[in-house]
Amino acid sequence: MEGFTLLLFGLAMLKTLAAATLRDTINTMQPVNDGQIIVSAGEVFALGFFSPSNSKSRYLGIWYYKIPIQTVVWIANRDNPLTDSSGVLKLNETGLLVLLNHNKSVIWSSSTTRSAHYPIGKLLDSGNFIVQDGNNNNDPKDFLWQRRNLITGLNRYLSSWNSSDDPSRGKYSHQIDTAGYPQFVMREGTVKRFRFGSWNGIQFSGAPQVKQNSIFRFNFVSNEEEIYVKYDLINKSVLHRLVLATDGFLTGISWSDEENVWREFAIVPVDDCDYYEKCGAHARCNINNFPPCNCLEGFVHSRQYTNGGCVRRTSLSCYGDGFLKFSGLKLPDTERSWFDRSISLEDCRILCMKNCSCTAYSTLDISKESTGCLVWFNDLIDIKEFTESDQDIYIRMAGTEVEAIQSMQSHKSNSRKQKTIIISCVLSIGILLLCLTFIIHRQWRTWQKGRKMKNDLEEDASVMNEQGNEDVELPMFDLSTIRSATKNFSLDNKLGEGGFGSVYKGILEDGREIAVKRDSKNSSQGLREFKNEVMHIAKLQHRNLVRLLGYCIQSGERLLVYEFMANKSLDSIIFDEKKSVLLDWPRRLHIVNGIARGLLYLHEDSRHRIVHRDLKAGNVFGYMPPEYIIDGAYSTKSDVFSFGVLILEIVSGKRNRGFGNQDNLLAHAWRLFTEGKSTEIVDATIRDSLNLSAAVRLIHVGLLCVQLCPDDRPSMSSVVLMLSSESTLPQPKLPGLFTTRNLVGDSSSSGSYKQYSNNNMTVSTMSAR
């Protein structure tokens, strides 16, 4: 029994839904009540009753069915709303659609010129609701939705709403003015506000921007029987509308499925020059000029026009007059014009010349080799200037005025030609001189390069023969071997570059992988300095330093050959979100200790004290300590500073430069340390393997290394001892920060810096991988 009850309930619901949504057609026996809708076959449009936002009045209308924002495109009773939900739409036996209220009184009805025997109403996917004879489906009787099809005597046009809540006819209308040659006009009440201009076979003369577009194509038809305009959508899958808004702007909008909103793609009026008669008679408006209004050639400003119009400079004499051609203009108002579609432009000129009242003429259709004739008999008003236009107008002027203007135009044209010739000659001579200068300079540089190469070869031979290779405990590679290994220093083999030059990967004939440091051609280092550097690096032997395999001094090239480090630089792993998990806490601590022992070897255990100067995770541009930035001073304590920055980067997994905080990494670590929150800087990927006390101690050591004053920083031997023991550490002072915004109060040191350099110290940059 319970299942039977549920079945009855389900059937009742289906019946209710079917009653609410009707098919796309109705007949004389099937009215549309308030609460029911008719949906077109493709579910594009729906017809039914609705209320605008914040309104209780009911209207019969058509709207887009699938758009979430109800968008009404047509209303039957816009000036006669229903006060309740008792409205009914019926189709009577003669084919008339009638809208009845609660008293069964007709408040709206359609119009038709003939009756139908078996009328059927149908809502199309185009938004049109048509009444057909049931015996002939191809014979529509009436159109309810505005199709922009204006048939003589019917006069359909666009009119704005009064407000967003009131769809009754507003004060703005947009329609075809059939007085004279037909043209589109927007009015506020009875006053003209904007003119699209007349149709010239391709476009409306006042809207050249719609000539070519990717959205729609205009089609204007004007003959003895009918006048109408329509536009065909290029992409019919996209919804487009032409809306006359309550503020008088005619707007083209399209629906965005991604954003669920209507997007504006065109609007008129575009600027102040579009407003009707902006500049008065015989004047043109160009919004890019100042002032925008200027008289046409042959006309001057006159006080007789309150809106700044112009009058003829020389009065007409009828038979002694001529015509001056104007291009790039919106044709004047055609309300009092005359036209003939059959005659040629020359015949049009003759007709205008014979009629002393004719003030201007133009071709009617520029799409058919300039056929048809359009003439004006009154003042020429509402003219706008465009950068380009396909239509010309010929304005009547006194013969003497035409001759004077043409002579002036010819003089200006000749003057422009002369200027063009002069400018072209000057530019040609200038280009020729530049080319000669370039060729001479290039030859001079080639000569200089050859001379330098010759001197370098002589210097190479001199230096190498001076002491032989007895002081260099490394093999000297042949340049051809290096070129072969690096594929002639191919870009594909390039590992990186810096101020010193570039580094390339290579493979020797025996299969060994090498990294070749190629000194820059612009390097200020001489051959003796380079050889001195090779001798010092060759004597360095430590497990934490990259081993130098050899060198090459040949044909101006200065090359150092290192063993290739397959794991790349530290920054490629530690700053990578995915790869950084490979370095847990024990591995990171091991890396820090290894770097510390390598620096200790350079500073104190090697034969010569060496300052690294390029210590960082990426090993491309070292961390500069404050004393180097301020005074240019560099010492072993500078390496200690760089080592401290490196410690903080290894612990945090963050770069010092580009650190995502209002402070840089040093300032951030310092603030957390002073607040007792040092562990907050630790990389989240190593927290599971973290030794808390060891991490806090390592951060402490890092802050000791980056103190502002070099004298306060520990030596590398002290650093190694701090890392390998649990002795009490001194409190760090304010670190050397890179930006003044991070300095804390008066804690910054104002002491001077010593010049840390002496004769038993070698400053070197070790940058190879």
Residue match in the stretch 188-199 (condition: in a loop (DSSP other than H, G, I, E, B), in contact with a strand residue (DSSP E or B) (Cβ under 9 Å, 6 or more places away or on another chain) and modelled with pLDDT of 90 or more): yes
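Looking at Gly127, Gly95, can you tell me which residue is outside any strand (DSSP E or B), at pLDDT below 95 and closer than 26 Å to Val229 by Cβ?
Details: Gly95 fails: closer than 26 Å to Val229 by Cβ.
Going through Gly127, Gly95 in turn, the sole match is Gly127.
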Strands (runs of 3 or more DSSP E) completely within the stretch 258-310 that count 1 or more residues being in the same structural domain as Glu188 (by TED's automatic domain parsing) and under 37 Å from the mean Cα position of the chain (by Cα): 261-268
Residue pairs meeting the criteria (Cβ under 6 Å; at least 6 apart or on separate chains; first under 30 Å from Cys310 (Cβ atoms) and without any contact (Cβ under 8 Å) to a residue 24 or more places away in the chain, in the stretch 256-279; second hydroxyl-bearing (Ser, Thr, Tyr) and assigned to a strand (DSSP E or B)): Ile267/Thr251
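Out of contact with any Gly (no Cβ under 9 Å at 6 or more places or on another chain), part of a strand (DSSP E or B) and either modelled with pLDDT of 90 or more or surrounded by 20 or more Cβ atoms within 10 Å (Cβ to Cβ) (or both): does that describe Lys122?
Numbers: out of contact with any Gly (no Cβ under 9 Å at 6 or more places or on another chain): yes; part of a strand (DSSP E or B): yes; either modelled with pLDDT of 90 or more or surrounded by 20 or more Cβ atoms within 10 Å (Cβ to Cβ) (or both): yes.
Yes.
Anything in the stretch 246-257 that is among the small types (Gly, Ala, Ser) and more than 27 Å from the chain's Cα centre (by Cα)? List them, or say none. Quick ask: steps written out before the conclusion?
Of the stretch 246-257, the ones among the small types (Gly, Ala, Ser) are 248, 252, 254, 256.
The answer is Gly248, and nothing else.
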Count of the stretch 324-336 residues which are within 19 Å of Tyr181 (Cβ to Cβ) and crowded, with 16+ Cβ neighbours inside 10 Å: 8
Pair list, Cβ under 8 Å, 6 or more apart: the stretch 479-508 residue free of Cβ contacts under 8 Å to residues at least 24 places away in the same chain and under 17 Å from Ser555 (Cα atoms), other residue surrounded by fewer than 17 Cβ atoms within 10 Å (Cβ to Cβ) and small (Gly, Ala, Ser): Gly501/Ser520; Gly501/Ser523
Which numbered condition Gln406 misses (of (1) surrounded by fewer than 17 Cβ atoms within 10 Å (Cβ to Cβ); (2) over 30 Å from Ser342 (Cα atoms); (3) modelled with pLDDT under 80; (4) over 40 Å from the mean Cα position of the chain (by Cα)): (3)
Identity of the residue in the stretch 690-738, among the hydrophobic types (A, V, I, L, M, F, W, C) and outside any helix (DSSP H, G or I), that ends up surrounded by the fewest Cβ atoms within 10 Å (Cβ to Cβ): Leu729
Condition check for Leu380: crowded, with 22+ Cβ neighbours inside 10 Å and within 12 Å of Met397 (Cβ to Cβ): yes
Any hit, the stretch 202-220, residues being in contact with a helix residue (DSSP H, G or I) (Cβ under 6 Å, 6 or more places away or on another chain) and over 24 Å from Tyr172 (Cα atoms): yes
Meets criteria (modelled with pLDDT of 80 or more and either small (Gly, Ala, Ser) or not in a helix (DSSP H, G or I) (or both)) for Leu549: yes
Residue pairs meeting the criteria (Cβ under 8 Å; at least 6 apart or on separate chains; first free of Cβ contacts under 8 Å to residues at least 12 places away in the same chain, in the stretch 42-53; second assigned to a strand (DSSP E or B) and surrounded by 15 or more Cβ atoms within 10 Å (Cβ to Cβ)): Ser51/Arg58; Ser51/Tyr59
Any pair with Cβ under 8 angstrom, 6 or more apart, that starts in the stretch 68-88 at a residue that is without any contact (Cβ under 8 Å) to a residue 24 or more places away in the chain and ends at one that is part of a strand (DSSP E or B): Gln70/Phe50; Gln70/Trp63; Gln70/Tyr64
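Being touching a strand residue (DSSP E or B) at 6+ places or on another chain (Cβ under 8 Å) and under 29 Å from Glu259 (Cβ atoms) is the requirement here; does Thr71 meet it?
When the stated conditions are applied, Thr71 passes them.
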Candidates Leu495, Leu433, Leu474, filtered to the one that is touching a Gly at 6+ places or on another chain (Cβ under 7 Å) and either in a helix (DSSP H, G or I) or at pLDDT 70 or above (or both): Leu474
Pair list, Cβ under 7 Å, 6 or more apart: the stretch 336-350 residue free of Cβ contacts under 8 Å to residues at least 40 places away in the same chain and not assigned by TED's automatic domain parsing to the domain that holds Trp199, other residue surrounded by 14 or more Cβ atoms within 10 Å (Cβ to Cβ) and not in a strand (DSSP E or B): Leu345/Ser370
Hits in the stretch 638-676 - residues which are in a loop (DSSP other than H, G, I, E, B) and either at pLDDT below 90 or crowded, with 16+ Cβ neighbours inside 10 Å (or both): Gly653, Lys654, Arg655, Asn656, Arg657, Gly658, Phe659, Gly660, Asn661, Gln662, Asp663, Asn664
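Could you grab me the full set of residues in the stretch 233-250 that are at pLDDT 90 or above and either of a type in the set (Val, Ile, Thr) or part of a loop (DSSP other than H, G, I, E, B) (or both)? Show your work before the answer.
Step one: list which residues in the stretch 233-250 are at pLDDT 90 or above, which gives 243-250.
If the condition is that a residue be at pLDDT 90 or above and either of a type in the set (Val, Ile, Thr) or part of a loop (DSSP other than H, G, I, E, B) (or both), then Val243, Ala245, Thr246, Asp247, Gly248, Phe249 are the ones that fit.
The values are calculated or read from the model by the stated rules, or taken from the named source; none is laboratory data. Just so we're clear, the structure is a prediction, and the values are computed from it rather than from any experiment. Backbone-built Cβ (ideal geometry, glycine too); neighbour counts: all protein chains shown.
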